[in-house]
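What follows is a single structure, written as structure tokens, with notes after it.
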Amino acid sequence: MTTTTSAALQPSISLLPSKKTPIVLSVIALITLISFGFLGSSQAANFSLSTNTDAFKIPDLVFPGMATNIVFGVLLLAVAGYSWWLRSKGRTLPTYAVVLCAVLFVLGFLIWVVSGANINSISLASLLAGAVVLAVPLVFGSLSGVLCERAGVVNIAIEGQLLGGAFTAAIVASITKNAFAGLIAAGIAGALVSLVLALFAIKYLVNQIIVGVVLNVLVSGITGFLFTTVMQEDPELFNSPAHLPVIAIPGLSAIPVLGPILFKQSVIGYLMYLAVFLVWFGLFKTRWGLRVRAVGEHPKAADTLGIKVNATRFWNVTLGGIIAGIGGSFFTLVAIDSFTKEISGGRGFIALAAVIFGRWNPIGAFAAALLFGFADNLQVILTIIGTPVPSQFMAMMPYLVTIFAVAGLVGRSRGPAAAGEPYVKE
Amino acid sequence: MKLELRGISKAFGSFYANKDIDLVVDNAQIHCLLGENGAGKSTLMNVLYGLYQPTEGQILIDDKPVQFSGPGDAMAAGIGMVHQHFMLIPVFTVAENIALGAEATKAGGVLDLQVTRKKIREISDRYGFDVDPDAIVEDLPVGVQQRVEIIKALVREAKVLILDEPTAVLTPQETDELLDIMRQLKANGTSIVFISHKLREVRAVSDVITVVRRGLVIDSVAPETSTTDLANLMVGRAVQLNLNKEAATPGAASLVVRDVSVVNAAGTTTLDHVSFEIHQGEILAVAGVQGNGQTELTEAILGTQPVTAGSIKLDGLELVGKSVKQVLRAGVGFVPEDRSVHGLVTQFSIEENLILDLYDRKPFGKGISMNLDAMKKNATKQIADFDVRTDNALNPASSLSGGNQQKVVMARELSRDLKLFIASQPTRGVDVGSIEFLHRRIVAERDKGTPVMIVSTELDEVMELADRIAVLYKGKINGIVPGNTSREVLGLMMAGVSQADAISQADHVKADAEPVEAQPVPAQAPQVTHKPKHSTTAEGDAQ
């Protein structure tokens, strides 16, 4: 053939890129400059990076509140102006520049609240370490979501799996006085929730969203009922779980900032890092993962190649349940002394947002969960130091971050094509 | 490898899609299954490929009975299938798609795509496929995706390759290339079952043609059989292949489209400065391979597709920016390309479907109530006029066959006084008998003086109906040519060759431009496409 048929469609119509980025940048630049800068407190904000147990000290970071934010504001305005100019030339700002602006804005916000607070100092090290701790159940939950959705089953029941795991871990670890027994029982509880989801979604073709929502309500009801009728009758016996110790790796855990994050975790914390890697490696580097993704994208094609679609889905949903159940046990075996009603507090839904924000990739979901954990922990710390912002607004922050992250920043990210659609052979 | 189907029947409930089918495919034979849509060809092949279990009958390979419980068994027995809708995962690379289900792995189940890439290159070189193992499938043109499917079968060492309507999505040039590939495969000892309803291709490449009608084998004939005889066998009665319509008597330009561009939500330009006009009393056919902007063009006129720039005027009235209802009221009749999704509410009765866009107009609608008598009268009349085969106008539209559903859509759209009639794929998936009928109605509408726009990916249909042909390529009009332009020129233009180049190239390839009907099929068709790079080694490798 002498013809060329492969050239992509060239947009010869002059259509400027969306105004979204320049507008958002301009707005945050003005907020930084005026609200955080000119109207901010002139006191210095103090960020400590080291703790007393660290191997060596890193000096504290000190920013004069007003001055720093005026500089940040001007910088952001410059970038916003540059992005308007780029748009007029039909180009867009590179992603790293957008990320840089976001970091500047968050930093500016931190400096503003800290300099205006009653205590003008926070520990950045514990802010980050705490963020990871709060993110642990989110990470497990989102891995469960990734595993299910990659295989084509929408898992809204993450919340129920977390809650079921938390409850079962508490009661089993209390009775057996063994935290590891609680951990295993939590995995089984998560798997049981998944089995119901798998049975109805895959075998009986019930709408997956509805099954998921119903499961959440069901688990909430059962655990709430058993909490009042069993646990509260004899809290000594049924609701005082043995805890998983925090294992600090000698030497490494004394590295400032990174040490506590990576090397001073409970067993579940270390399991989290392992699970993220294994799920990522499994999904993208192995035969198993190729088949799972094929089933989630185009089940019929997978079927014509001899892959058992519904069996693959079934096992993936079960595995997802085990992982989410283990994540749930973090509440009662590590974070909190005992089980209370609704202990998971909607984190299963935030995990669902992390799945989408992380673009159905385990590592992306991990990063997204960390971001939500960060927002959550920041809110806690800022309430403690007493900021000019009412604490009720601060409490909204993790959810605002979730909404903006999923709605604004993700844009048109594309999930597995067959997620939510049952596969029926004709 | 010799493949035999003996007495195969496949029933869905009480309905037999296949009844007592006998079929023998010899080693290195291209065996064509010819039949209309819905004749049971695909069902039969799905039985052969293990996707369906036969209700009765036997499959024999080299005279030994075999049983397939799933596609895996069929593949293991050396049967490969290229489905009409490709079974490729769009977001995977070529190598991942080909590896899937038969992955080469290192220790611990870790994928080893290097092995697959090497195999792809081998096959690609042997047949001159030119497929990049690391390309993402959804970025590839349809023709290349089809080659990926063929490689997929060959990697699994298929000795019998089933091609289910493989040419439906291809340009005429790509079709010729595919026919060429089929001949090469045959030369290498692969048997091919070629499913089609396109007579020209079937005659060009087959060794044997088996005609299937309503689930039964009607006859097996030689490829030299005339197109008319084949069509008659396929439909079961004498068919007139030529419409023999009168020459058009175009009036004033009625629909004037100027510099219309559409940029979709993903930022892709799907229509790029499209300009044309349609005169009263003429049929303009828009030809092109699927996905070159046809859908967007019709929807832009109707108003369901936002127009980025440009103007569309109907008798001086600007349609851009008008609501769909306003456009319909302006006298536009619209037959969408997918009748069961956009043309009908299939759960509604035929009667209701016949007034879907007239429900609020007299005599059907009055205030908040509907005039059921008028609906009934209308249904009775339209069903008679358009020969819709049903025993009750209150049956749901889903109970009708494809052809009858299309008649309902056409009847509804033509029942108003039109200033413009647009029909997208008016006869897709419609039996030959109904095609003839629908074509006549379209021409009749033209003869009433209505400007008509037909969008079709079927070149036969375009050539049959058009007074003028506009060729769309990548969202641009690649030329507007007279209705009697040759198939070769149109094919080249659909592939993006400019009009002037297309004419000179077509003349070059075919010294004598002859009408399609009388086209003699030489044993070795002229080579339009590239020869295999290693044809000698390929011969040596033949099983």
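None of the figures in this text is laboratory data; all of them are computed from the coordinates on show. Keep in mind that what you see is a predicted model, and the values were worked out from it rather than measured. Here the Cβ positions follow ideal geometry from the backbone for every residue, glycine too, while neighbour counts run over all protein chains shown.
Please go through the residue pairs A:Lys425/B:Lys10; A:Lys203/B:Lys10; A:Lys425/B:Lys407; B:Lys325/B:Lys419 and name each one whose alpha carbons sit more than 19 Å apart in this structure.
Violating the 19 Å limit, Cα to Cα: A:Lys203/B:Lys10; A:Lys425/B:Lys407.
At 7 Å along Cα-to-Cβ for each site, give me the label-to-label distance between A:Leu100 and B:Ala11 in nm.
7.4 nm
If you place +1 on the Cβ of every Lys and Arg and -1 on the Cβ of every Asp and Glu, how big does the dipole about the Cα centre of the stretch A:282-377 come out, in debye to the nearest 20?
In total the dipole reaches around 500 debye.
For B:106-114, what's the mean count of beta carbons from other chains sitting within 10 Å of each residue's beta carbon?
Counting other chains' Cβ atoms within 10 Å and averaging over B:106-114 gives 3.
Loop-only trypsin sites (Lys or Arg not before Pro) in the stretch A:9-87, please: DSSP not H, G, I, E or B, and at most 14 other Cβ atoms within 10 Å.
A:Lys19, A:Lys57
Would you give the gap between the C-alpha center of the stretch A:243-268 and the C-alpha center of the stretch B:203-233, rounded to a whole Å?
First find each Cα centre; the distance between them is then 76 Å.
Roughly how many debye, to the nearest 20, is the charge dipole of the stretch A:134-409 about its Cα centre, given +1 on each Lys and Arg Cβ, -1 on each Asp and Glu Cβ, and no other charges?
In debye, rounded to 20, the stretch A:134-409 gives about 1000.
How many angstrom lie between the Cα centre of the stretch B:297-340 and the Cα centre of the stretch B:31-46?
What the calculation gives is 38 Å, centre to centre.
Return the Rg/Rh ratio of the protein assembly as shown with Cα-based radii and a Kirkwood Rh.
1.03
With unit charges on the beta carbon (Lys/Arg positive, Asp/Glu negative), name the residue among B:Val388, B:Met410, B:Ser398 whose Cα is farthest towards the positive pole of the charge dipole of the stretch B:339-416.
The residue sitting most towards the positive pole is B:Met410.
Averaged over B:88-101, how many beta carbons belonging to a partner chain fall within 10 Å of each residue's beta carbon? Spell out each step's value before the answer.
Working: counts 3, 13, 4, 7, 6, 0, 0, 0, 3, 5, 1, 3, 12, 11.
For peptide B:88-101, the averaged partner shielding equals 5.
Helix B:402-414 against the longest principal axis of chain B: what's the angle in degrees, Cα atoms only, rounded to the nearest 10?
Result, in degrees: 20.
Check each of the chymotrypsin sites (Phe, Trp or Tyr not before Pro) in the stretch A:183-257 and keep only those in coil by DSSP with at most 11 other C-beta atoms within 10 angstrom; list them in order.
Values: sites: A:Phe200, A:Tyr204, A:Phe225, A:Phe227, A:Phe238; in loops: A:Tyr204.
Qualifying residues, ordered by number: A:Tyr204.
Could you sort the peptides A:40-51, B:406-417 by per-residue average Cβ neighbour count (10 Å cutoff), highest mean leading? Intermediate results must be reported in sequence, preceding the final value.
Values: A:40-51: 18.0, B:406-417: 22.2.
Descending mean neighbour count gives B:406-417, A:40-51.
When a/c reaches 1.5 or more, the comparison of a/b and b/c decides; with that in mind, is the stretch A:72-224 rounded, prolate or oblate per its Cα gyration tensor?
Numbers: a/c = 3.60, a/b = 1.68, b/c = 2.15.
It is oblate, given that a/c is not under 1.5 and a/b is not larger than b/c.
Stokes-Einstein D for chain A at 20 °C, 1.002 mPa s, Kirkwood Rh over Cα pairs, in µm²/s?
So the translational diffusion coefficient is about 91 µm²/s.
Is there a quick way to get the dipole size of the protein assembly as shown? I mean about its Cα centre, with the Cβ of Lys and Arg at +1 and of Asp and Glu at -1; what is the value in debye to the nearest 20? Each step should come with its number before you reach the end.
On the way: 77 positive and 84 negative charges, 386 e Å.
About 1860 debye.
Run the numbers on chain B and let me know its relative contact order in percent, using alpha-carbon pairs under 8 Å that are six or more apart.
Numbers: 1052 pairs, mean separation 81.9, N = 543.
After rounding, I find 15 percent.
Okay, which of the stretch A:128-147 sit inside 14 Å, backbone N to the point 7 Å along the Cα-Cβ direction of A:Ile336?
Inside the label zone: A:134, A:137-138.
Where in the stretch B:79-144 are there trypsin sites (Lys or Arg not before Pro) that are in a DSSP coil and have at most 14 other Cβ atoms within 10 angstrom of their Cβ?
Details: sites: B:Lys106, B:Arg117, B:Lys118, B:Lys119, B:Arg121, B:Arg126; in loops: B:Lys106.
Here the sparse-neighbourhood loop sites are B:Lys106.
Classify the stretch B:1-123 as rounded, prolate or oblate, taking a ≥ b ≥ c as the square roots of the eigenvalues of its Cα gyration tensor: rounded when a/c is under 1.5, otherwise prolate if a/b is larger than b/c and oblate if not.
Since a/c reaches 1.5 and a/b is larger than b/c, the shape of the stretch B:1-123 is classed as prolate.
Per the Kirkwood formula on distinct C-alpha pairs, the Rh of chain B is how many angstrom? Provide the component values of the computation, followed by the final result.
Details: mean 1/r = 0.0396 Å⁻¹.
Computed over Cα pairs of chain B, the Kirkwood hydrodynamic radius comes out at 25.2 Å.
Using only Cα atoms, tell me the angle between helix B:172-187 and the longest principal axis of chain B; keep it within 0 to 90° and round to the nearest 10.
Result, in degrees: 20.
Which helices count as membrane-span-like in chain A under these terms: full DSSP H, at least 30 Å along the axis by C-alpha, Kyte-Doolittle mean of 1.6 or more?
Counting only whole DSSP H runs, the qualifying helices are A:95-116, A:124-150, A:362-385.
Compute the orientation-averaged projected area for the stretch A:209-342 from the convex hull of its Cα atoms and round it to one decimal in nm².
11.5 nm²
With viscosity set to 1.002 mPa s at 20 °C, what whole-number translational diffusion coefficient in µm²/s follows for the stretch A:251-330 from Stokes-Einstein and a Kirkwood radius over Cα pairs? Before the final figure, lay out the partial values.
On the way: Rh = 14.8 Å.
The calculation lands on 145 µm²/s.
Of B:Asn292, B:Asn37, B:Asn353, whose Cα points farthest to the positive end of the dipole of chain B (charges on the beta-carbon: +1 Lys, Arg; -1 Asp, Glu; origin at the Cα centre)?
B:Asn353
Give the percent of DSSP beta bridges with both residues in chain B that are antiparallel, rounded to the nearest 5.
If we restrict to bridges inside chain B, about 55 percent are antiparallel.
How shielded is B:44-53 by partner chains, expressed as the average number of their Cβ atoms within 10 Å of its Cβ atoms? Display every interim value, and only then the final one.
Working: counts 0, 0, 2, 0, 0, 1, 2, 5, 2, 0.
Partner-chain Cβ atoms within 10 Å, mean over residues of B:44-53: 1.
Could you state the per residue volume, in Å³, of the convex hull enclosing the Cα atoms of the stretch B:339-416?
Expressed per residue, the convex hull around the Cα atoms of the stretch B:339-416 is 82 Å³.
Calculate the spin-label point distance for B:Asn37 paired with A:Lys203, positioning each point 7 Å from the Cα along the beta-carbon direction, and give it in nanometres.
So the label points at A:Lys203 and B:Asn37 sit 3.9 nm apart.
Treat each spin label as a single point 7 Å out from the Cα along the C-beta direction, and report the B:Ala384 to A:Glu233 distance in nm.
Reported label-point gap for B:Ala384 and A:Glu233 is 8.0 nm.
For the protein assembly as shown, with the dipole built from +1 on Lys and Arg beta-carbon atoms and -1 on Asp and Glu ones, taken about the Cα centre, which of B:Phe421, A:Leu197, A:Pro235 lies farthest toward the positive end?
So the residue we want is A:Pro235.
Which number comes out as Rg/Rh for the stretch A:312-382 once both Rg and the Kirkwood Rh are worked out on C-alpha atoms?
Result for the stretch A:312-382 is an Rg/Rh of 1.01.
Report, in whole Å, the centroid distance computed from the Cα atoms of the stretch B:455-474 and the stretch A:88-166.
The two parts, judged by their Cα centres, are 54 Å apart.
Kindly identify the stretch A:20-116 as rounded, prolate or oblate by the Cα gyration tensor criterion: order the square roots of the eigenvalues as a ≥ b ≥ c, call it rounded if a/c is under 1.5, otherwise compare a/b with b/c, prolate if a/b is larger, else oblate.
Verdict is oblate for the stretch A:20-116.
From the P(r) of the stretch B:170-264, can you give the percent of Cα pairs sitting at distances over 24 Å?
On the way: 2123 of 4465 pairs.
So the portion of pairs separated by more than 24 Å is 48 percent.
Mind sorting A:Trp85, A:Trp315 by how few other Cβ atoms lie within 10 Å of their own Cβ, fewest first?
By the 10 Å Cβ count, ascending, the order reads A:Trp85, A:Trp315.
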